[in-house]
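I have placed the structure first, in the form of structure tokens, so that the comments after it can refer back to it.
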Amino acid sequence: AQSVSQHNHHVILSEAASLELGCNYSYGGTVNLFWYVQYPGQHLQLLLKYFSGDPLVKGIKGFEAEFIKSKFSFNLRKPSVQWSDTAEYFCAVNAPGGRRALTFGSGTRLQVQP
Amino acid sequence: DVKVTQSSRYLVKRTGEKVFLECVQDMDHENMFWYRQDPGLGLRLIYFSYDVKMKEKGDIPEGYSVSREKKERFSLILESASTNQTSMYLCASSSGGSNEQFFGPGTRLTVL
């Protein structure tokens, strides 16, 4: 069975600070990886995804993530956060050809102070 | 744009009531999912469906059932609501060939 760990539960940053949110998964085979974001009062939306190819993936709103297979990690980064990035961020995984549902991490709440 | 809609944003029910949560998607997606979202636990899969009249248990199906009579509609049923089912319920859909899921706005259910 797959599992996803997000070790940072609550992160507080000032505007313009750099962001890195950790995500580690446990699964021995090929995986698809996702980061979703949930802004206050809004529904979950996809930030970025990795299926194969270049392990550095760029998403919307200046976010990127790097897949490091040897570390089973898919950390989310942004060089300079804005107040509007305040949200909850979820890492998720599934296996190609396997169960189509996603396995989610527990989420990281990001608070950006102006 | 894919649109996933859920019948209610907020719902308050009493213990023992039968509760129906409805989800509709407009993109002809084969797959539909029900998750519940709880603080500190992320999203956990309750049930999913690959096709009309097909359903599969997720990780926490106890106390829930589902119905998919039409491709665009996936219903979550709480046969006898209990206080520990107070939660945010999220519906999602995806196409057969893609693992990207599109989410509805959620229904915040409170069981008193």
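The values are calculated or read from the model by the stated rules, or taken from the named source; none is laboratory data. The structure displayed is predicted, hence computed values, not measured ones. We place every Cβ from the backbone using ideal geometry, glycine too, and count neighbours over all the protein chains shown.
Looking only at residues in segment A:15-57 that are among the aliphatic types (A, V, I, L, M) and within 12 Å of another protein chain (Cβ to nearest Cβ), the one that is nearest to A:TYR89 (Cα to Cα) is A:VAL37. Filtering segment B:51-77 to residues that are of a type outside the set (D, E, K, R) and either in contact (Cβ under 8 Å) with a residue 24 or more places away in the chain or more than 14 Å from chain A (Cβ to nearest Cβ) (or both) leaves B:VAL52, B:GLY58, B:ILE60, B:GLY63, B:TYR64, B:SER65, B:VAL66, B:SER67, B:PHE74, B:SER75, B:LEU76, B:ILE77.
State yes or no: is B:PHE48 within 13 Å of chain A (Cβ to nearest Cβ), assigned to a strand (DSSP E or B), free of Cβ contacts under 8 Å to residues at least 24 places away in the same chain and crowded, with 21+ Cβ neighbours inside 10 Å? If you could, list the steps in order and put the result at the bottom.
On the way: within 13 Å of chain A (Cβ to nearest Cβ): yes; assigned to a strand (DSSP E or B): yes; free of Cβ contacts under 8 Å to residues at least 24 places away in the same chain: yes; crowded, with 21+ Cβ neighbours inside 10 Å: yes.
Yes.
Taking every residue in segment A:90-102 that is more than 8 Å from chain B (Cβ to nearest Cβ) and without any contact (Cβ under 8 Å) to a residue 60 or more places away in the chain and pairing it with any residue that is surrounded by 24 or more Cβ atoms within 10 Å (Cβ to Cβ) and of a type in the set (D, E, K, R), at least 6 positions away or on another chain, yields no pair with a Cβ-Cβ distance below 9 Å.
Suppose the filter is surrounded by 12 or more Cβ atoms within 10 Å (Cβ to Cβ), out of contact with any helix residue (DSSP H, G or I) (no Cβ under 9 Å at 6 or more places or on another chain) and assigned to a loop (DSSP other than H, G, I, E, B); does A:ARG100 pass it? Walk me through how you get there before you give the answer.
Values: surrounded by 12 or more Cβ atoms within 10 Å (Cβ to Cβ): yes; out of contact with any helix residue (DSSP H, G or I) (no Cβ under 9 Å at 6 or more places or on another chain): yes; assigned to a loop (DSSP other than H, G, I, E, B): yes.
Here the answer is yes, as A:ARG100 does meet what is asked.
As for segment A:74-92, it holds at least one residue that is within 20 Å of B:TYR35 (Cα to Cα) and either among the aromatic types (Phe, Trp, Tyr) or surrounded by fewer than 13 Cβ atoms within 10 Å (Cβ to Cβ) (or both). Scanning segment A:13-55 for residues that are within 17 Å of A:ARG77 (Cβ to Cβ) and among the β-branched types (Val, Ile, Thr) gives a single hit, A:VAL37. Against the test of being within 14 Å of the chain's Cα centre (by Cα) and surrounded by 12 or more Cβ atoms within 10 Å (Cβ to Cβ), the options A:SER5, A:SER26 yield a single qualifying residue, A:SER5. Within segment B:39-76, restricting attention to residues that are of a type in the set (Asp, Glu) and at pLDDT below 95, the residue that is farthest from A:GLY97 (Cα to Cα) is B:ASP59. Exactly one residue out of A:ILE68, A:ILE60, A:ILE12 is within 14 Å of chain B (Cβ to nearest Cβ) and loosely packed, with under 14 Cβ neighbours inside 10 Å, and it is A:ILE60.
Taking the condition surrounded by 15 or more Cβ atoms within 10 Å (Cβ to Cβ) and either away from chain A (no Cβ under 11 Å) or basic (Lys, Arg) (or both), does B:LEU43 pass? It would help to see each step written out before you state the result.
Values: surrounded by 15 or more Cβ atoms within 10 Å (Cβ to Cβ): yes; either away from chain A (no Cβ under 11 Å) or basic (Lys, Arg) (or both): no.
Considered against the rule, which asks whether it is surrounded by 15 or more Cβ atoms within 10 Å (Cβ to Cβ) and either away from chain A (no Cβ under 11 Å) or basic (Lys, Arg) (or both), B:LEU43 comes out as no.
Taking only segment B:78-112 into account, find how many residues are part of a loop (DSSP other than H, G, I, E, B), within 28 Å of A:TYR39 (Cβ to Cβ), within 13 Å of chain A (Cβ to nearest Cβ) and in contact (Cβ under 8 Å) with a residue 24 or more places away in the chain. Before the answer, list the steps.
Applying the first criterion (part of a loop (DSSP other than H, G, I, E, B)) to segment B:78-112 yields B:79-82, B:86, B:95-101, B:104-106, B:112.
Now drop any that are not within 28 Å of A:TYR39 (Cβ to Cβ), which leaves B:86, B:95, B:98-101, B:104-106.
Now drop any that are not within 13 Å of chain A (Cβ to nearest Cβ), which leaves B:95, B:98-101, B:104-106.
Restricting the remaining residues to those that are in contact (Cβ under 8 Å) with a residue 24 or more places away in the chain gives B:95, B:101, B:104-106.
Residues flagged as part of a loop (DSSP other than H, G, I, E, B), within 28 Å of A:TYR39 (Cβ to Cβ), within 13 Å of chain A (Cβ to nearest Cβ) and in contact (Cβ under 8 Å) with a residue 24 or more places away in the chain within segment B:78-112 amount to 5.
The residues of segment B:9-40 that are surrounded by fewer than 14 Cβ atoms within 10 Å (Cβ to Cβ), in a loop (DSSP other than H, G, I, E, B) and not acidic (Asp, Glu), listed by number, are B:ARG9, B:ARG14, B:THR15, B:GLY16, B:LYS18, B:MET27, B:PRO39, B:GLY40.
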